[in-house]
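Beneath this line is the structure, given in structure tokens, with notes to follow.
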Protein chains: 4
Amino acid sequence: MNFASDNVAGASAQVLEAIVAANAGAAKSYGVDDFTARAEQRLQEIFETDLAMFTVATGTAANALALSALTPPWGAVLSHGMAHIANDECGAPEFFAGGVKMLALGGHGAKPLAADLAAFFDAHQFRPVHQVQPSVLSVSQATECGLVYRPDEIAALAAAAKARGLRMHMDGARFANALVAQEASPAALTWRAGIDVLSFGATKNGCLAGEAVIFFDKALAADFAYRRKRAGQLLSKGRLFGAQLEAYLRDDHWLGLARHANAMAKRLADGLVAAGGRLVWAVEANEVFPILPRQTCDRLAAAGATFYPRSTEVVPASATIGRDEMMVRMVTSFATTPDEVARAIAIAGNKPTP
Amino acid sequence: MNFASDNVAGASAQVLEAIVAANAGAAKSYGVDDFTARAEQRLQEIFETDLAMFTVATGTAANALALSALTPPWGAVLSHGMAHIANDECGAPEFFAGGVKMLALGGHGAKPLAADLAAFFDAHQFRPVHQVQPSVLSVSQATECGLVYRPDEIAALAAAAKARGLRMHMDGARFANALVAQEASPAALTWRAGIDVLSFGATKNGCLAGEAVIFFDKALAADFAYRRKRAGQLLSKGRLFGAQLEAYLRDDHWLGLARHANAMAKRLADGLVAAGGRLVWAVEANEVFPILPRQTCDRLAAAGATFYPRSTEVVPASATIGRDEMMVRMVTSFATTPDEVARAIAIAGNKPTP
Amino acid sequence: MNFASDNVAGASAQVLEAIVAANAGAAKSYGVDDFTARAEQRLQEIFETDLAMFTVATGTAANALALSALTPPWGAVLSHGMAHIANDECGAPEFFAGGVKMLALGGHGAKPLAADLAAFFDAHQFRPVHQVQPSVLSVSQATECGLVYRPDEIAALAAAAKARGLRMHMDGARFANALVAQEASPAALTWRAGIDVLSFGATKNGCLAGEAVIFFDKALAADFAYRRKRAGQLLSKGRLFGAQLEAYLRDDHWLGLARHANAMAKRLADGLVAAGGRLVWAVEANEVFPILPRQTCDRLAAAGATFYPRSTEVVPASATIGRDEMMVRMVTSFATTPDEVARAIAIAGNKPTP
Amino acid sequence: MNFASDNVAGASAQVLEAIVAANAGAAKSYGVDDFTARAEQRLQEIFETDLAMFTVATGTAANALALSALTPPWGAVLSHGMAHIANDECGAPEFFAGGVKMLALGGHGAKPLAADLAAFFDAHQFRPVHQVQPSVLSVSQATECGLVYRPDEIAALAAAAKARGLRMHMDGARFANALVAQEASPAALTWRAGIDVLSFGATKNGCLAGEAVIFFDKALAADFAYRRKRAGQLLSKGRLFGAQLEAYLRDDHWLGLARHANAMAKRLADGLVAAGGRLVWAVEANEVFPILPRQTCDRLAAAGATFYPRSTEVVPASATIGRDEMMVRMVTSFATTPDEVARAIAIAGNKPTP
């Protein structure tokens, strides 16, 4: 019953086998191996467009390097204040982008919409020369609260952003989970809606380390090979990343993994609600944010379930949390088993575990 | 009737004469001239302590370089969100401090107190490694709203900050105005209250370019000469800055200039209130923030008065601004004449100008 | 016959099996997994001292982050001009260390000795404030020319460097090859000789991605966790790196791999010399730099051997290269087979291949 | 007899008077004052072209900011190894240009010519991605050895540089001295010869602080206002710099000052040679580098003359320096008097001083 994060599991069997298979023999080094080339080609098919892909070691690197390609140092990166780039990367975007400023948008469930962007610009002035100039808008798909952008939401937000001269970045650490949560194509959720650069995360959904920066506008990628090398993110034995991504994308493997994770989250959420919990945000991808009695949390923990309390600072005003309650985050992944979920629900409901 | 800023005037006569006098003959270059040495010595007397002073060309440079000496790049600089460092320096602190993050405190009148700092830490988590770690608290004396810190307020704030491991910086762009606004010594307002580094501004109050970074803890200044040189802030003919500061500090000249500016602000404020205006914040130093009928503003402008409308984003909730009103900022300086003030008041009151 | 680099092979069987084995089940994320902990512990045993180890994705990251922990931005990093940090990392050290300056030492075979350091300081002035101040000396073990430092050479160099206030960094991309090339302990080659920080490379010698920064003086590592996270080098599924390093170090596996690579290099070198080639530098580790007739190179290439011509700029004056000759670099690795070597020698000697 | 530097004097009378005159009344702040506008206009006339001028506080700032506008961080700035940007600015270019690498060209008298650039590229490889890519060539006018570029020399060098994709920067700390040393127009020495950006220095030749970055290609200046502000180089009371530059350029004042300085240098050089000294480099501008008997140096110093010994590292091989000799640098300026020169010559010749 490990719901602490979707990065506590290893790789899927298919991805692991690909690492083993790719290990044999000689391969070109420094990112020009065939595995990586095939992964890029597969992404072009999946996203139905030409694109440039660069593998990197972590999601933080993907985000920070991507942003650095989209803004001058005197720009400003707009995102929700809870976004991973703003809050959980120890200032990596500021470092890679030469001291850029991060500014916070509002938005229910850490999901800024066009109206939130308008409100932001109503409330802020950006005088030339004396103040930094907004240059990029970054959205998280899914958001830190587990919500999912639909294509029309992204398109409206991107249109408003581009009218202000902003470029669009998407942190897709959970892109697969967001994708399978709806009837929408990868293209519709990204470049067709106005996304310029995507941090394509595969680690949480079945790789050991599979992160890529995808440029839909290849002109923006002109210097990116230099940025990556200079950041120490160009693997000498690049097959390690290339093989994982190739296997991850083959035969819709990635979609199957994400569907499983999302289904487990839904099942877990339904069970917790049935057992008396309340959901702070809708469960749209693979994260569940329930308010539970403290006794329930204690029972779960005593039974070995792992999960984190969630800081109450981020709770919407509508979600009152009682003195005997707490809000927690529970994350499912491709590796979460129905049995784990069933046991957690039984314990929450104070019933015999299966 | 130029109330646009306290940087639209030149230097005071005494300061200007010092530039002329210092121009003659040879002087050592690169900051080791006698003028600069005497200015530093005078500051040691004024602040009643040993200290290290470094002249720089602008207040932005003073602030950004000072902060860079107080924080690692993965630190965070806390200040009010309206502070000059946060809002009006085009990201200079982020640049000089290697991509440091700026975080915003609340506080009435852009003046965070100990309770505001406590509220900030109640609302934010700073997990090791994954998040930046608060490292510096910067206060503005006077604040962007023209308010003044008293020694006990700084001491309480600094004590709370230091309990959290923060260092204390003071942006003293209007330090003289804040000083003469109260019965307090320079020492009481700075190092005795816990300030580690002061941006000592003299440009607004009577110099053409007179800014200095003052380290009360000289250990913090160990590398500062390198920071300044590397930033292109070490003047070859350093007498230009040194002579101004020496003259500025001689015979309490700086205090007289500030007293005049503050008195003009007070007189202007009283007159505008008598003429029907309302003050958004108390006038404690040399800035006046009145809410005026638009007609009044138009009359003043038509008569040649210069001042800026103030963004309503920063108005406290208590200060409702009518549809026919606007909030403006009017700044007085050592060069503001009683006549200018009298004329502005007369025009505001719709009376014959003197 | 792939002699292009020691990064064209995958991982050794033992290392690959460790990845597979480590993949199962849940593990703590972000570098605090048991695999990484055990690898660090093993290093403490191997180096016979307490130490702090941080895994990163690439050798460039290891070097650049290590250097950033050893120098202020106004310092200077000294190394041979051919060193990887100076010449092959696209300015990563400059980036990570806030714009530090790299200065070039001389030294036969890219191996600066104490006399080279003395010559450097005889020829350069470093005036305070106006010039950067040398802060770190970095040595490569083995060097870019395949030479190996002995403990007494490092100790003499480090003593001279420390007398000048420099810290010592070792780029150990081929540390294992340098170690097994002589009768010396890991401790004798590093901290006992004065090395403060080691970039411990395992990728070239048997991992897919196995690089670590090792601090022998743990005080220097105080902030390193922040540097690594901020650089996007902290893997969420850290077991990937930890498991490789653990397997690499187990049962002297790494030493066996390196001995094989070195033996293959020696055999290749001897064979090429017998076939009429001349060695530019002694073959001490796993790199061979022969001057060969162009016809020989052509025959080797035609037979499928891969290797790179070496820029003649780096050839010592003593090694005259004829018009019909060229200098090449041939690298062996743990994966190089005796058969490959035998074939290359036969082709070079214009004899039937085995 | 102060020959230590051309920055030990104050401002010329005309420049000083301009500061005094400009001090009166209100002026627009932050660089949009009329003084600055007129100085820019005058430069457009002098250089016979449209251009964008930005005042800054120091030559180091001018150089480093200019370079930062011409190169990405993974570029490389080429200059002579003795150039001020490479050797005397404490790494400011590296800092402002995001960690750019500085690479050293050869060249007699610190004056690289087209052949030196060709030799540099013959000796260095710049492999894509793995190595930084040369982006800017910076020349000093006059050079650190007091030599002067002629228009055809710059044009040939710039043509070779541009064929390699480099941009051209000129450090004109002594531009006036170099200009009046020959029959050439400001345009011929700069943009007509291929210079893109000029650091126009006026401080050494008659201002207290008068430095400007001049963009002949205004497209390159698009973001420069942000760079300057963010660097803390945008003076609030910009008239201080603007007025000096305006006066400096009025009625060919700057040319007269430079002619005087150069004439004094020539006279000093001739006298020292007559007294037995030997010149290391031709005296083309306002710097004299004689080899003198140590006794002569001692007599001069005893008489109060100031000058610096010059590191022998920079002496060309042709200039042997005897055991009883030393090489010194003597700099003249607009403020050097014929009397000073005459006395120095007399003392050097061991004759009665006038």
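The values are calculated or read from the model by the stated rules, or taken from the named source; none is laboratory data. Here the structure is a predicted model, which is why all the values come from computation and not from measurement. Quick reminder, even Gly has a Cβ in these numbers, built from the backbone with ideal geometry, and neighbours come from all protein chains shown. SASA here: full protein model, heavy atoms, side chains in, ligands and nucleic acids out. Shrake-Rupley method; radii C 1.70, N 1.55, O 1.52, S 1.80 Å.
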Among (1) at the interface with chain D (Cβ under 9 Å from one of its Cβ atoms); (2) closer than 22 Å to B:Asn205 by Cβ; (3) in contact (Cβ under 8 Å) with a residue 40 or more places away in the chain, B:Val20 falls short only on (3)
Flagged in the range B:180-204 as outside any loop (DSSP other than H, G, I, E, B) and either open to solvent by less than 10 Å² (accessible area, probe 1.4 Å) or over 19 Å from B:Ala261 (Cα atoms) (or both), in numbering order, are B:Ala187, B:Ala188, B:Leu189, B:Trp191, B:Arg192, B:Ala193, B:Val197, B:Leu198, B:Ser199, B:Phe200, B:Gly201
Quick count over the range D:241-287, residues being of a type in the set (A, V, I, L, M) and in contact with a Leu (Cβ under 9 Å, 6 or more places away or on another chain), is 13
Exercise. Say whether the condition of being of a type in the set (Val, Ile, Thr), more than 26 Å from A:Val288 (Cβ to Cβ) and either in contact with a Cys (Cβ under 8 Å, 6 or more places away or on another chain) or facing another protein chain (nearest Cβ under 10 Å) (or both) is met by at least one residue in the range A:135-144.
Key: no
Checked the range D:75-104 for anything open to solvent by 20 Å² or more (accessible area, probe 1.4 Å) and touching a helix residue (DSSP H, G or I) at 6+ places or on another chain (Cβ under 9 Å); matches are D:His80, D:Gly81, D:Met82, D:His84, D:Ala86, D:Asp88, D:Phe95, D:Gly98, D:Lys101, D:Met102, D:Leu103, D:Ala104
Within the range B:214-234, restricting to residues that are free of Cβ contacts under 8 Å to residues at least 12 places away in the same chain and outside any helix (DSSP H, G or I), the one that is farthest from B:Tyr30 (Cα to Cα) is B:Ala222
Inside the range B:25-55, the number of residues satisfying the requirement of being within 11 Å of chain D (Cβ to nearest Cβ) and of a type in the set (S, T, N, Q) is 2
The one condition C:Met327 fails out of (1) within 14 Å of chain A (Cβ to nearest Cβ); (2) open to solvent by less than 20 Å² (accessible area, probe 1.4 Å); (3) modelled with pLDDT under 95 is (1)
Only one of (1) farther than 14 Å from B:Met1 by Cα; (2) part of a helix (DSSP H, G or I) does not apply to B:Asn350, and that is (2)
For the range D:26-53, pairs from a residue that is within 11 Å of D:Pro186 (Cβ to Cβ) and charged (D, E, K, R) to a residue that is open to solvent by less than 50 Å² (accessible area, probe 1.4 Å) and modelled with pLDDT of 95 or more, with Cβ under 6 Å and 6 or more apart or across chains, are D:Glu48/D:Ala187
If we keep only residues of the range D:155-171 that are open to solvent by less than 30 Å² (accessible area, probe 1.4 Å) and of a type in the set (A, V, I, L, M), then the residue nearest to D:Arg259 (Cα to Cα) is D:Met170
D:Asn7 vs (1) within 7 Å of another protein chain (Cβ to nearest Cβ); (2) open to solvent by less than 10 Å² (accessible area, probe 1.4 Å); (3) not in a loop (DSSP other than H, G, I, E, B): all pass except (3)
Sole miss for D:Gly238 among (1) open to solvent by 10 Å² or more (accessible area, probe 1.4 Å); (2) on the phi < 0 side of the Ramachandran plot is condition (1)
Given (1) surrounded by fewer than 21 Cβ atoms within 10 Å (Cβ to Cβ); (2) in contact with a helix residue (DSSP H, G or I) (Cβ under 6 Å, 6 or more places away or on another chain); (3) farther than 20 Å from B:Gly81 by Cβ, B:Ala114 misses just (3)
Selection from the range A:300-311 of residues within 14 Å of chain B (Cβ to nearest Cβ) and either touching a strand residue (DSSP E or B) at 6+ places or on another chain (Cβ under 6 Å) or open to solvent by less than 10 Å² (accessible area, probe 1.4 Å) (or both) yields A:Tyr308, A:Pro309, A:Arg310
With the first residue restricted to the range B:286-312 and required to be assigned to a loop (DSSP other than H, G, I, E, B), and the second required to be among the aliphatic types (A, V, I, L, M) and open to solvent by 50 Å² or more (accessible area, probe 1.4 Å), Cβ contacts under 7 Å at 6 or more apart or on different chains are B:Phe289/B:Leu279
| request: Say whether the condition of being over 26 Å from C:Ala123 (Cα atoms), more than 12 Å from every other protein chain (Cβ to nearest Cβ) and not polar (S, T, N, Q) is met by at least one residue in the range D:95-103. | output: no
Checked A:Ala274, A:Ala222 against criteria (open to solvent by 10 Å² or more (accessible area, probe 1.4 Å) and either more than 27 Å from A:Phe96 (Cβ to Cβ) or within 14 Å of chain C (Cβ to nearest Cβ) (or both)); the one match is A:Ala274
B:Arg174: modelled with pLDDT of 95 or more, surrounded by fewer than 23 Cβ atoms within 10 Å (Cβ to Cβ) and not β-branched (Val, Ile, Thr), yes or no? no
If we keep only residues of the range C:56-73 that are more than 10 Å from every other protein chain (Cβ to nearest Cβ) and open to solvent by 10 Å² or more (accessible area, probe 1.4 Å), then the residue farthest from A:Gly210 (Cα to Cα) is C:Thr71
- Can you find even one residue in the range D:41-55 that is in contact with a strand residue (DSSP E or B) (Cβ under 6 Å, 6 or more places away or on another chain), under 21 Å from B:Phe241 (Cα atoms) and modelled with pLDDT of 95 or more? yes
B:Phe96 vs (1) under 28 Å from B:Val280 (Cα atoms); (2) of a type outside the set (D, E, K, R); (3) touching a Leu at 6+ places or on another chain (Cβ under 7 Å): all pass except (1)
>> For the structure I just gave you, tell me whether B:Ala317 is in contact with a strand residue (DSSP E or B) (Cβ under 6 Å, 6 or more places away or on another chain) and not in a strand (DSSP E or B).
In response: no
Considering residues that are part of a loop (DSSP other than H, G, I, E, B), under 23 Å from the mean Cα position of the chain (by Cα), of a type in the set (S, T, N, Q) and surrounded by fewer than 22 Cβ atoms within 10 Å (Cβ to Cβ), the number found within the range D:10-50 is 1
Filtering the range C:287-299 down to residues that are under 25 Å from C:Arg259 (Cα atoms) and either exposed (fewer than 14 other Cβ atoms within 10 Å of the Cβ) or of a type in the set (A, V, I, L, M, F, W, C) (or both) yields C:Val288, C:Phe289, C:Ile291
Expected single match for more than 27 Å from C:Lys218 (Cβ to Cβ), at pLDDT 95 or above and facing another protein chain (nearest Cβ under 10 Å) among C:Ala76, C:Ala119, C:Ala86 is C:Ala86
Criterion first (touching a Gly at 6+ places or on another chain (Cβ under 8 Å), among the hydrophobic types (A, V, I, L, M, F, W, C) and away from chain B (no Cβ under 14 Å)) does C:Ala156 satisfy it? no
